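Peer 1: Sending over a structure as structure tokens; questions will come in a sec.
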Amino acid sequence: MQSSASPDVAEYEHFMHMRLTTDLNDACSLSQALTHEQEEYRALVQNIQLLVKGEIGNLKTLVPLGKEQGIQIQAEVPVTSFIYVKIGLGFHVQCTLLEASDIAKNKEQQLQAQIDRQTDTISKIRARMILMQESIEAMQAA
């Protein structure tokens, strides 16, 4: 009987390691990326609040140059009463600071909902892995 269970055990182990582990790694990576993006929006809201409270007329900042990480140039922002918000497909909209803050808060809430769904997915994958491991152990004991 153990000889007929061996191929099944090998199949289950293969499925667990190749499929479930890969799915778990992908889900965790996506969750981390969403969390990072959410933190960026949270920082944007805080920076906008500082601009509003400080009533800063102009600002010097570093701006990323191209898609390369770490390459930045110094830029002077002469008017800080408006901000450009990327809305997708390469389009940007000019907004007041309060409008941009509202947009960033809404995006932060959307990301939180995605993070919550991703957390549920991760929990389900882990539960499947535990169930699969228990099944493998039961098959080996038989």
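Peer 1: Which entry in (1) -0.28, -0.50, -0.58, -0.95; (2) -0.25, -0.44, -0.51, -0.86; (3) -0.50, -0.69, -0.74, -1.02 matches log10 I(q)/I(0) by the Debye sum over Cα atoms at q = 0.09, 0.12, 0.13, 0.17 Å⁻¹ derived from the coordinates of this structure?
Peer 2: It is the value labelled (3).
Peer 1: Ok, one more. Using a Cα-Cα cut-off of under 21 Å, which lysines could be cross-linked to Lys107, ignoring same-chain neighbours fewer than 8 residues away?
Peer 2: Those lysines meeting the cut-off are Lys86.
Peer 1: Here's something else I'd like to know. Note the angle between two axes, namely the Cα long axis of helix 21-54 and the longest principal axis of the Cα atoms of the chain, as a number of degrees from 0 to 90, rounded to the nearest 10.
Peer 2: Between helix and principal axis, roughly 20 degrees.
Peer 1: Right, another one. What order, most packed first, do the peptides 82-90, 61-69, 119-127 have when packing is the mean number of other Cβ atoms within 10 Å of each residue?
Peer 2: 119-127, 82-90, 61-69
Peer 1: Would you mind counting up the charge near Val93? Only other residues with Cβ under 11 Å from its Cβ, with Lys and Arg at +1 and Asp and Glu at -1.
Peer 2: Cβ neighbours under 11 Å give a net charge of 0.
Peer 1: When the accessible area of segment 32-90 is split by element with a 1.4 Å probe, what percent falls to carbon and sulfur?
Peer 2: Answer for segment 32-90: carbon and sulfur cover 56 percent of the accessible area.
Peer 1: Among Gln140, Leu30, Met129, pick out the residue whose Cα is farthest towards the positive end of the charge dipole of the chain, where Lys and Arg carry +1 and Asp and Glu carry -1 on C-beta, about the Cα centre.
Peer 2: Leu30
Peer 1: Taking the Cα atoms only, what angle lies between the long axis of helix 97-141 and the longest principal axis of the chain, rounded to 10 degrees?
Peer 2: 10
Peer 1: Within straight cross-link reach of Lys105, meaning Cα distance under 16 Å, which aspartates and glutamates are found once same-chain residues fewer than 8 apart are removed?
Peer 2: Output for Lys105: Glu37, Glu39, Glu40.
Peer 1: Per the helix-only calculation at 222 nm, which mean residue ellipticity applies to the chain, given -39500 (n - 2.57) for every DSSP H run of n ≥ 4 and division by its residues, nearest 500 deg cm²/dmol?
Peer 2: That comes out to -23500 deg cm²/dmol.
Peer 1: Sort 108-116, 71-79 for me by packing, meaning the mean count of neighbouring Cβ atoms within 10 Å per residue, highest on top.
Peer 2: 108-116, 71-79
Peer 1: List the residues whose amide H sits under 5 Å from the amide H of Gln72, counting only those 5 or more places along or on another chain, with H placed 1.01 Å from N in the peptide plane.
Peer 2: Leu65
Peer 1: For segment 18-54, which trypsin sites (Lys or Arg not before Pro) are in a loop by DSSP, counting at most 14 other Cβ atoms within 10 Å?
Peer 2: none
Peer 1: Still on this structure: Please compute, over every Cα-Cα pair in segment 1-74, the percentage with a separation greater than 13 angstrom.
Peer 2: Value for segment 1-74 (Cα pairs over 13 Å): 80 percent.
Peer 1: Which far-off residues, 5 or more places away or on another chain, put their amide H under 5 Å from the one on Val77, with H placed in the peptide plane?
Peer 2: Residues meeting the amide H criterion: Leu59, Lys60, Thr61.
The values are calculated or read from the model by the stated rules, or taken from the named source; none is laboratory data. No experiment lies behind these values; they were computed from the predicted model shown. No Cβ is skipped: glycine too gets one built from the backbone with ideal geometry, and neighbour counts run over all protein chains shown. These area figures cover heavy atoms from the full protein model, side chains too; ligands, DNA and RNA do not enter into them. Shrake-Rupley method; radii C 1.70, N 1.55, O 1.52, S 1.80 Å.
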